[in-house]
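We did not get these values from a lab; they are worked out from the coordinates using the rules stated. Values in this document were obtained by computation on a predicted structure and should not be read as measured data. We place every Cβ from the backbone using ideal geometry, glycine too, and count neighbours over all the protein chains shown.
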Amino acid sequence: MDFQTRIVHAGVDRDPFTGASSVPLYQASTYSQIDPEHPGKYNYARSGNPTRDALEKALAELEGGATGLAFASGMAATSSVLLLFQPGDHLLVGMDVYGGTFRILDTLFSRWGLRTTFVDTADPAAVESAIEPATRAIFIETPSNPLLRITDLSAVAAIARRHSLLAIADGTFATPYLQRPLEFGFDVVIHSATKFLNGHSDVLAGAAVAREAELGERLRFIQNAFGAVLGVQDSWLLLRGLKTLGARLEAEQRTAFWLAERFAGLPGIAVVHYPLLSGHPGREIHERQASGGGAVLSFELVDTGMTMEFLRHLRLPLLSVSLGGVESIMSHPATMSHASMPRAERERRGIGEGLVRMSVGLESGEDLLADIRRALEKAKKNTQGRE
Ligand SMILES: Cc1ncc(COP(=O)(O)O)c(C=O)c1O
């Protein structure tokens with residue numbers, strides 16, 4: 001079946017008891033045992049809940065994995081996956097992963113003896129040469145946050161296979177609608193489901209999907225033991241948001257590409273990062289492994305000094321740390337999503353003060369462009385006035 005059809009019917013298609021069009025909210029923390037010696041399928045909500053189960057089944061189906069797991073946030077999913085490793089293990093992680101992923105590795109997991117080397121995963125040779133005897137996994141993001149750098153999924157999965165490493169991808173930006181890393185040989189895909197999967201900026205959630213059942217069971221054990229599970233109400237909301245993923249992304253990425261092409265010609269904007277722009281270094285690889293450019297782009301202002309004025313004068317997009325909502329969201333990575341990264345680390349990765357990230361929502365492209373143009377003009381005028 002077409003992916004769009006699968007999105008609408010994934011998981012538990014309708015309530016098996018009543019035929020209701022949506023899975024009920026099983027708002028229960030515990031389940032009565034029918035027999036003292038034989039607990040049923042469900043015993044306690046941390047270990048399982050039918051509403052969360054329906055969502056987890058849908059996530060596994062859409063990513064093409066054996067096991068889907070829903071967590072309280074994207075960071076809860078990432079942290080739980082990282083609990084697969086032990087003190088003394090070493091990880092190779094993409095240079096420009098989400099700032100929060102950098103933070104837990106750099107400040108928390110490092111304290112427990114998990115070592116990390118940050119590498120440019122867009123360069124498979126650099127990845128392979130950074131492998132050490134203690135390396136256990138490669139963790140990548142493609143397109144990456146916030147520079148939209150592209151990593152070749154097949155090449156990295158092949159390196160991981162050759163060296164018996166786990167290949168883990170954060171698939172937040174592309175979602176399974178556009179790209180499915182497990183099909184390229186990755187072992188685990190992680191999501192901040194807060195973003196496009198839910199799509200309405202009203203739920204904080206995370207997901208992890210394992211390709212193989214054995215790894216899935218190890219992650220399920222961690223999910224239950226560590227306990228960062230997604231609540232029932234949020235599972236239901238996420239199931240609802242998920243149904244329109246394809247429709248939302250189609251419209252949003254159409255506008256994103258349209259805007260990216262126009263931004264490239266706007267006075268005041270120096271560079272635009274979007275995977276489908278001609279001249280994007282990862283374009284060919286991205287087109288091979290994803291069915292669209294996605295709805296996130298970033299751009300660099302010519303005059304970094306006018307960044308705050310530009311953001312101050314925007315009317316339509318939210319100025320916010322998130323992305324993937326039906327409303328466009330503008331953010332300033334250096335002071336927002338990547339503020340947890342020390343300045344030197346940010347600059348080494350090319351995340352400067354003039355970089356702005358935009359998640360394109362469902363507004364009209366014309367309206368967004370007019371708003372951005374106006375904010376650029378105002379910022380220019382005000383900044384010049386100060387000189
Ligand atoms: C690519 C990526 N991964 C992970 C996360 C963390 O997700 P959450 O905020 O849901 O914990 C984010 C959040 O912005 C993200 O952008």
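Which three semi-axes in whole Å describe the equivalent ellipsoid of region 1-41, each the square root of 5 times a Cα gyration tensor eigenvalue, listed largest first?
Output for region 1-41: semi-axes of 30, 12, 9 Å.
What is the Cα convex hull volume of region 235-294 when expressed per residue in Å³?
108
Under a point spin-label approximation (7 Å from Cα along Cα-to-Cβ), what is the His200-Gln4 distance to one decimal in nm?
In this crude spin-label approximation the distance works out to 2.2 nm.
Each label point is 7 Å from the Cα along the Cα-to-Cβ direction; what then is the distance between the points at Asp123 and Arg373, in nm?
Between Asp123 and Arg373, the label points sit 4.0 nm apart.
Which of the trypsin sites (Lys or Arg not before Pro) found in region 300-370 are in a DSSP loop and have at most 10 neighbouring Cβ atoms, other than their own, within 10 Å?
Arg315
When we measure straight from the Cα of Lys57, which aspartates and glutamates land under 20 angstrom away, once same-chain ones fewer than 8 places off are left out?
Qualifying aspartates and glutamates at Cα under 20 Å: Asp2, Asp13, Asp15, Asp170, Glu183, Asp187, Glu212, Glu214, Glu217, Asp234.
Specify which residue in the list His38, Ile104, Ala160 is farthest towards the positive end of the charge dipole of the chain, using unit charges on the beta carbon of Lys, Arg (+1) and Asp, Glu (-1), about the Cα centre.
Ile104
Kirkwood hydrodynamic radius of region 202-260 from all distinct Cα pairs, in Å?
For region 202-260, inverting the mean 1/r across all distinct Cα pairs yields 14.1 Å.
Restricting attention to the alpha-carbon atoms of region 86-164, what are Rg (one decimal) and Dmax (integer), both in Å?
Both quantities, over Cα of region 86-164: 12.1, 32 Å.
Counting only DSSP beta bridges with both residues in the chain, what percent are antiparallel, rounded to the nearest 5?
Roughly 55 percent of the DSSP beta bridges within the chain come out antiparallel.
Is it possible to state the helix-based mean residue ellipticity at 222 nm for the chain, with each DSSP H run of 4+ residues giving -39500 (n - 2.57), the sum divided by total residues, to the nearest 500 deg cm²/dmol? What is it?
After summing the helix terms and dividing by residue count, I get -10500 deg cm²/dmol.
Restricting to DSSP loop positions (anything but H, G, I, E, B) with no more than 10 other Cβ atoms inside 10 Å of their own Cβ, which GluC sites (Glu not before Pro) remain in region 26-75?
Sites meeting the loop and neighbour criteria: Glu37.
Which percent of Cα pairs goes in each bin when the distances of the chain are cut into 10 angstrom slices starting at zero?
5, 23, 32, 24, 12, 3, 1, 0
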